[in-house]
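The values are calculated or read from the model by the stated rules, or taken from the named source; none is laboratory data. All of these numbers come straight from a predicted model, not from anything done at the bench. Cβ placement follows ideal geometry from the backbone for every residue including glycine, while neighbour counts extend to all protein chains displayed.
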Amino acid sequence: MSAEVCCPPLPGSARDWWQTAVVYQVYVRSFADSDGDGIGDLDGVRARLPYLRSLGVDALWLNPFYPSPQHDHGYDVSDYRGVHPEYGTLESFDRLIRDAHRLDLKVLVDVVPNHCSIEHPWFRAALAAGPGSPERAHFHFADGRGEYGELPPNNWRSIFGGSAWQRASDTQWFLHTFAAEQPDFNWRHPDVSSYFEEVLRFWLDRGVDGLRIDVAHGLHKADGLPDHEHAEHDELTGDPINPHAWNQPEVHGVWRSWRAIAEEYSRRTGRDRVLVGEVGLLDTDQLAQYQRPDELHQTFFFEFLRAEWDDQALHDVIDRGLGTIAGSGSSVAWVLNNHDMPRSVTRYAGGAPGAGPGDLHLGLARARAAALLMLALPGSSYLYQGEELGLPEVTDLPEHLLTDPMFHRSGGVRRGRDGCRVPLPWTAAHDSFGFSPDGTRGTTWLPQPDWFAEHAADLLLGSGDSMLHLYREALALRHRIPALAFGDFRWLPTEPGVLAFTRGDGLACAVNCSSRPVCNPVEGVVLIASDTEAGEKLPANSAVWTLLPDGT
């Protein structure tokens, strides 16, 4: 591989905290349970803030905790300015914000503007008002096709499977890009835009440092809602390729409006308020357009998560990220795991939900190396809870316990996302592995397998070569070595199967993606390695950070 400069250092004026932050994603329901009901809550998160501080992250992102009937575990919101009773109260949230800021941890919250719950007051009013009413104009209601309106208005398919239309109790149907319990808002109606600007201000007024925006590419739909020529592809893959349902030009106006609000709060309070978009587009050039200077601050770079464990594949993905997204003046938000994807240990092991765990020894080695690769790249990194524990996917949850609407709507063809959402193990020797308080006899909302004990945080803290220690040491180095935050990026020439690059003049990262030991292409002092045998040689599926001879 040739040597080339792919990304210059960020200019001094652009060195905002989010440009290089490590953000920890908290799936509240599965993080920590404070009251013994087997469901995680905000007070449980608050109690574990010292753990996150000691891990070395800069911020946490909370998945939805709003009032919801929980058809999609919080992504079906019935009240955007409250807290679901299972998770606490607004006072619980305020205490969490206060304690996080005391620990110098920033907090991002999830907002879901594409769709709401069938129990949202607007949607209930729309159903009651009937066809042609102003209330229905807040959503996408349409008459059905066929002699009696018995067929959906168009052929669009839900990302979760099945038709994207659900029939109301009268002659009309309503659009739902995801589950039938999640009706899509009509973002061409001015009331919708005004409503969400109020929601945005509500949480910024409560002190949040930013928002993660769900389905940020999906708000607007094409006028007339025309048929999609390849609709069956959406249902089989879940990929957002429907040109009439995704990535409409008007959506960029929404983000310009929201960015203006975020900048207003940043100026007024002296604290950056950040907008991070979930933009599930497959075209990197289109993705970068969401990060123009007056739109979203960042979008997740999911192509890195989806990349095969292969040196050329990773090289090309990194080049695309740095060349397009970072080239737009923003920074890349790298991600290896999240609440919607099988965990990286299992992906790299060749396992899959419902198909078995794969070779977990291999998967763990690759996941350790991938962590060092990600944390050495220019930009920010988003970690998903349990990633630092080396948790694999739980691939064998009994079907009768699966809760994901994706599983049920696809008729079991797509296993769903429950396997990466099993409650975390904190202590090896306690009931529910410390997820719930001592003495709690209830069960967790998804069952924890016995082997979770091997990944309990207290056990890993006592092991110097554990995944947890690897993350803690790597994050400490990111804070200590300026080159990892602001140093330029340059590929180094390597033999096949190996990636290597420098950050600034002082540090290099090398990754052996092959199944054989190789010579370390970089000379210097090893700072951290994913394999204890790494040094002059790189074991198979390993990575190392090296301090260069002239580095300081």
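Please work out which residue is nearest to the chain's Cα centre (by Cα), limiting yourself to region 128-157 and to residues that are in a loop (DSSP other than H, G, I, E, B) and within 17 Å of P226 (Cβ to Cβ).
In the first step, residues of region 128-157 are kept if they are in a loop (DSSP other than H, G, I, E, B); the result is 130-134, 140, 144, 146-150, 152-156.
Filter again for within 17 Å of P226 (Cβ to Cβ), leaving 140, 144, 152-156.
Working: H140: 28, G144: 36, P152: 32, P153: 33, N154: 31, N155: 29, W156: 26 Å.
It comes out as W156.
I'd like to know if region 405-414 contains one or more residues that are surrounded by 18 or more Cβ atoms within 10 Å (Cβ to Cβ), closer than 22 Å to G36 by Cβ and either in contact (Cβ under 8 Å) with a residue 40 or more places away in the chain or of a type in the set (A, V, I, L, M) (or both).
no
Scanning region 18-35 for residues that are in contact with a helix residue (DSSP H, G or I) (Cβ under 9 Å, 6 or more places away or on another chain) and assigned to a loop (DSSP other than H, G, I, E, B), which turns out farthest from V109 (Cα to Cα)?
Looking at the filtered set, the residue picked out is D35.
Among the residues of region 175-191, is there at least one that is hydroxyl-bearing (S, T, Y), over 23 Å from V276 (Cα atoms) and assigned to a loop (DSSP other than H, G, I, E, B)?
no
Look through Y348, Y382 and report the one residue that is among the aromatic types (F, W, Y) and either touching a strand residue (DSSP E or B) at 6+ places or on another chain (Cβ under 7 Å) or within 30 Å of E295 (Cβ to Cβ) (or both). Full working, then the answer.
On the way: Y348 fails: either touching a strand residue (DSSP E or B) at 6+ places or on another chain (Cβ under 7 Å) or within 30 Å of E295 (Cβ to Cβ) (or both).
The conditions single out Y382.
So, G38, is that one in contact with a strand residue (DSSP E or B) (Cβ under 8 Å, 6 or more places away or on another chain), modelled with pLDDT of 95 or more, under 24 Å from D458 (Cα atoms) and small (G, A, S) or not?
no
List pairs: first in region 468-484 and basic (K, R), second outside any helix (DSSP H, G or I) and surrounded by fewer than 22 Cβ atoms within 10 Å (Cβ to Cβ), Cβ under 7 Å, 6+ apart or cross-chain?
Partner pairs satisfying both residue conditions: R472/G56; R478/V22.
Within region 363-413, how many residues turn out to be modelled with pLDDT of 95 or more, in contact with a Gly (Cβ under 9 Å, 6 or more places away or on another chain) and not in a loop (DSSP other than H, G, I, E, B)?
So the answer is 4.
I need the full set of residues from region 398-417 which are among the polar types (S, T, N, Q) and within 21 Å of the chain's Cα centre (by Cα), in order please.
The initial filter retains those residues of region 398-417 that are among the polar types (S, T, N, Q), namely 403, 410.
Correct list: T403 only.
So that you can scan it fast, the table gives a plain yes or no per residue for (1) closer than 30 Å to L424 by Cβ; (2) surrounded by fewer than 18 Cβ atoms within 10 Å (Cβ to Cβ); (3) within 25 Å of the chain's Cα centre (by Cα); (4) not assigned by TED's automatic domain parsing to the domain that holds E308:
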| residue | (1), (2), (3), (4) |
| --- | --- |
| H469 | yes, yes, yes, yes |
| I481 | yes, no, no, yes |
| A485 | yes, no, yes, yes |
| L507 | no, no, no, yes |
| G524 | no, yes, no, yes |
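What's the total number of residues in region 57-89 that are outside any loop (DSSP other than H, G, I, E, B) and touching a residue at least 60 places away in the same chain (Cβ under 8 Å)?
Qualifying residue count for the region: 2.
Which of the following residues is assigned by TED's automatic domain parsing to the domain that holds D404, β-branched (V, I, T), within 22 Å of V254 (Cβ to Cβ) and in contact with a Gly (Cβ under 9 Å, 6 or more places away or on another chain): V77, V109?
V109 is the lone residue from the list that is assigned by TED's automatic domain parsing to the domain that holds D404, β-branched (V, I, T), within 22 Å of V254 (Cβ to Cβ) and in contact with a Gly (Cβ under 9 Å, 6 or more places away or on another chain).
Could you say whether any residue in region 291-314 is modelled with pLDDT under 95, within 16 Å of G210 (Cα to Cα) and not in a loop (DSSP other than H, G, I, E, B)?
Checking region 291-314: not a single residue is modelled with pLDDT under 95, within 16 Å of G210 (Cα to Cα) and not in a loop (DSSP other than H, G, I, E, B).
Looking at I39 and the list (1) closer than 18 Å to H339 by Cα; (2) touching a helix residue (DSSP H, G or I) at 6+ places or on another chain (Cβ under 9 Å); (3) not hydroxyl-bearing (S, T, Y); (4) not in a loop (DSSP other than H, G, I, E, B), which single condition is not satisfied?
(4)
So R271 passes all but one of these: (1) outside any helix (DSSP H, G or I); (2) under 16 Å from the mean Cα position of the chain (by Cα). Which condition number does it fail?
With (1) outside any helix (DSSP H, G or I); (2) under 16 Å from the mean Cα position of the chain (by Cα) applied to R271, the lone miss is (2).
Taking region 439-487 only, how many residues are touching a strand residue (DSSP E or B) at 6+ places or on another chain (Cβ under 8 Å) and at pLDDT 95 or above?
7
Within region 503-526, can one find any residue that is farther than 28 Å from G390 by Cα, part of a loop (DSSP other than H, G, I, E, B) and out of contact with any helix residue (DSSP H, G or I) (no Cβ under 8 Å at 6 or more places or on another chain)?
Checked region 503-526: at least one residue is farther than 28 Å from G390 by Cα, part of a loop (DSSP other than H, G, I, E, B) and out of contact with any helix residue (DSSP H, G or I) (no Cβ under 8 Å at 6 or more places or on another chain).
Of the residues that make up region 273-293, is at least one surrounded by fewer than 23 Cβ atoms within 10 Å (Cβ to Cβ), in contact (Cβ under 8 Å) with a residue 24 or more places away in the chain and within 16 Å of S381 (Cα to Cα)?
Yes, region 273-293 contains a residue that is surrounded by fewer than 23 Cβ atoms within 10 Å (Cβ to Cβ), in contact (Cβ under 8 Å) with a residue 24 or more places away in the chain and within 16 Å of S381 (Cα to Cα).
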